[in-house]
1. Return yes when E178 is surrounded by fewer than 16 Cβ atoms within 10 Å (Cβ to Cβ) and of a type in the set (D, E) and no when it is not.
2. Only one of (1) modelled with pLDDT under 90; (2) under 22 Å from E136 (Cα atoms) fails for A6. Which number is that?
3. Have a look at S209, S190 and point out the one that is at pLDDT 90 or above, under 20 Å from E345 (Cβ atoms), in contact with a Cys (Cβ under 8 Å, 6 or more places away or on another chain) and surrounded by fewer than 23 Cβ atoms within 10 Å (Cβ to Cβ).
4. Sort through Q233, Q323 and tell me the only one that's out of contact with any His (no Cβ under 7 Å at 6 or more places or on another chain) and closer than 21 Å to K151 by Cβ.
5. Restricting attention to region 265-292, which residues are over 17 Å from P146 (Cβ atoms), touching a residue at least 24 places away in the same chain (Cβ under 8 Å) and surrounded by fewer than 22 Cβ atoms within 10 Å (Cβ to Cβ)?
6. Of the residues that make up region 485-501, is at least one within 18 Å of L391 (Cβ to Cβ), in the same structural domain as P364 (by TED's automatic domain parsing) and not in a strand (DSSP E or B)?
Amino acid sequence: MSGLPAATVRRLQKLPQVSSVWEGDCHRLPGSLALGSQISAGLAEGECILWVDGVQGVVRAMEVVPAGSGLEPMVRTLIMAMERPNAALPARPQKVVVRDREVQFFLRGILHELDIKVECQPELPLIDEILQSFAEASEGIPPPLPENYAKLLAGKALTLWQDAPWDYLEDHQILAIELNRWDIETLYVSVMGRLGMEYGVLFYRSLHSLKRFRQDAGQPETSEEMEEAFLRQDCLYLTFQARNPELNELSDLDLADLDPEEIEPNFGTIHPLEGLRVVLQEDEAAAVAVALEALHRFLKQYRRKLEEDFQPCQGRYRIPNPQAPGETLSVQVRTLPDLAVELLELEGDEEEHTQTLLRDDLVPEGAQLSLGVLPWATVEALRRTGQWHPLPQSKLVPRGEGLPVVIVRTSRPKAKQLIENLRGEGGPQGVCFNTGVDPFAGSRYDLEIVQTGNRDLHLFAEFPEDDPVHAKARRRWERRCRETGGYCGLVVAMGVNSNRPELQVRHILALFEMQALNPTRLGLGPMVRISRQLHFP
């Protein structure tokens with residue numbers, strides 16, 4: 001067993017030692033509580049680590065980790081409790097108490113250098129009280145779908161996935177489903193997924209909400225305005241994601257490449273006064289079930305016509321009422337071609353619209369991305385070897401310490417393919433940083449976007465907005481770009497698995513000249529994530 005690094009020990013020894021006894025424990029998290037808290041699917045069967053101050057009666061640190069993570073997370077969370085406690089001052093306890101003998105022996109070997117005693121006792125009153133409150137809370141959390149609708153809606157969702165309306169319907173080609181039931185007259189359906197990014201349907205409860213969102217989402221000036229526009233929607237929704245949570249972390253994942261059994265649906269609702277809710281009530285679940293069945297029958301009847309053109313189509317269907325066995329409802333579904341034209345005009349003509357779509361299929365999987373600077377001597381050496389690709393009519397003048405660059409480092413075959421793909425897109429022309437918003441997690445991101453010669457926009461990387469390392473690198477990047485008059489570069493390099501982590505000149509296969517752009521010049525505003533997958537519209 002290895003101990004803490006000497007530098008960490010010295011840092012922790014500087015914390016004041018208080019006459020407190022802290023309780024610590026690792027406990028399996030109730031599955032229903034994990035679900036209700038929207039914890040990552042990978043942690044739904046995880047363990048909750050708690051460190052509680054027994055004197056002050058406060059939780060100093062809590063962390064959820066995957067089951068079977070070992071004993072090390074106990075130490076990491078304890079260090080967090082000492083240095084970055086929740087609602088308390090940084091401090092070092094005189095004694096910690098755990099209920100597991102193995103944990104006691106492990107911690108004793110780690111903490112003896114910090115003058116912290118470690119004891120074991122079967123009862124931990126404060127933590128037991130907290131765990132009891134967790135259990136009570138989990139009992140009160142409703143399931144995401146009413147029990148008698150879960151199987152029904154899962155089947156309807158699978159049918160829609162197999163219908164794949166996103167293969168031929170754009171998100172502005174709206175369908176109207178007239179229910180006249182459950183306080184809903186008409187649902188206005190917008191299909192997502194035409195670009196191979198987000199897949200699903202939005203059921204707007206009013207035409208006003210649909211139009212307002214599309215107008216507001218196209219004119220935000222800040223990320224807060226974009227998030228507010230998202231939460232002002234009035235709709236029910238169905239989105240899809242991979243059952244394997246690890247796949248959802250892949251930036252280049254296209255769900256259409258997976259088998260149907262690898263896909264799972266997510267249902268929810270958004271309302272201006274309530275915000276986002278991932279739990280459907282019975283009336284909402286019934287409305288979605290009927291709407292999905294009516295939509296399926298309509299698509300089955302008119303698919304061939306809709307594949308040719310978004311033309312007037314209308315159908316009326318008798319749909320079983322899930323709340324009254326034996327009873328059917330008359331539901332009409334129709335296309336709204338005039339509305340499609342109106343919505344398209346709100347966004348500008350179609351060509352202009354497609355130029356502002358964000359693609360994320362260019363950067364190879366597993367590539368390392370960073371911001372850096374190339375000395376002018378290196379730039380000149382690459383120019384002499386033919387690996388320098390300048391912009392047409394370049395006015396680059398060497399100034400400052402070097403050329404600011406975006407570095408993409410991958411394997412040699414993938415690097416060569418990336419270079420070929422970049423040339424096929426007309427070469428990289430410019431790069432900007434733009435704000436991305438995730439209303440589901442309450443997070444904001446700094447999106448690194450590259451524009452190629454064919455005017456397509458490509459998502460190269462995303463960084464948490466509050467990441468201090470990226471923020472510092474971004475400030476250096478902007479300063480260097482000012483020194484070069486806005487000129488910068490894109491480095492494509494091999495050696496991602498090299499024993500030498502620093503970039504060597506021999507690793508560089510291509511250096512493309514670009515310009516640092518303002519996102520407003522590209523017509524971009526803050527982008528909002530519209531499902532729990534890591535994609536942006």
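The values are calculated or read from the model by the stated rules, or taken from the named source; none is laboratory data. As the structure is a computational prediction, the values presented were derived from the model and not from experiment. Glycine also receives a Cβ, built like all others from the backbone with ideal geometry; neighbour counts cover every protein chain displayed.
1. No, not satisfied.
2. (2)
3. S209
4. The conditions single out Q323.
5. Result: H271, P272, G275, L276.
6. The answer is yes; a qualifying residue exists.
A quick yes/no check of all residues on (1) in contact with a Gly (Cβ under 8 Å, 6 or more places away or on another chain); (2) in a strand (DSSP E or B); (3) free of Cβ contacts under 8 Å to residues at least 40 places away in the same chain; (4) of a type in the set (A, V, I, L, M):
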position: V52; (1), (2), (3), (4): yes, yes, no, yes
position: R60; (1), (2), (3), (4): no, yes, yes, no
position: E63; (1), (2), (3), (4): no, yes, yes, no
position: L78; (1), (2), (3), (4): yes, no, no, yes
position: P90; (1), (2), (3), (4): no, no, no, no
position: Q94; (1), (2), (3), (4): no, yes, no, no
position: E102; (1), (2), (3), (4): no, no, yes, no
position: F105; (1), (2), (3), (4): no, no, yes, no
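Rundown of residues vs (1) under 17 Å from Q132 (Cα atoms); (2) part of a strand (DSSP E or B); (3) at pLDDT 90 or above, yes/no style:
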| position | (1), (2), (3) |
| --- | --- |
| R11 | no, no, yes |
| L15 | no, no, yes |
| W22 | no, yes, yes |
| L35 | no, no, no |
| Q38 | no, no, no |
| C48 | yes, yes, no |
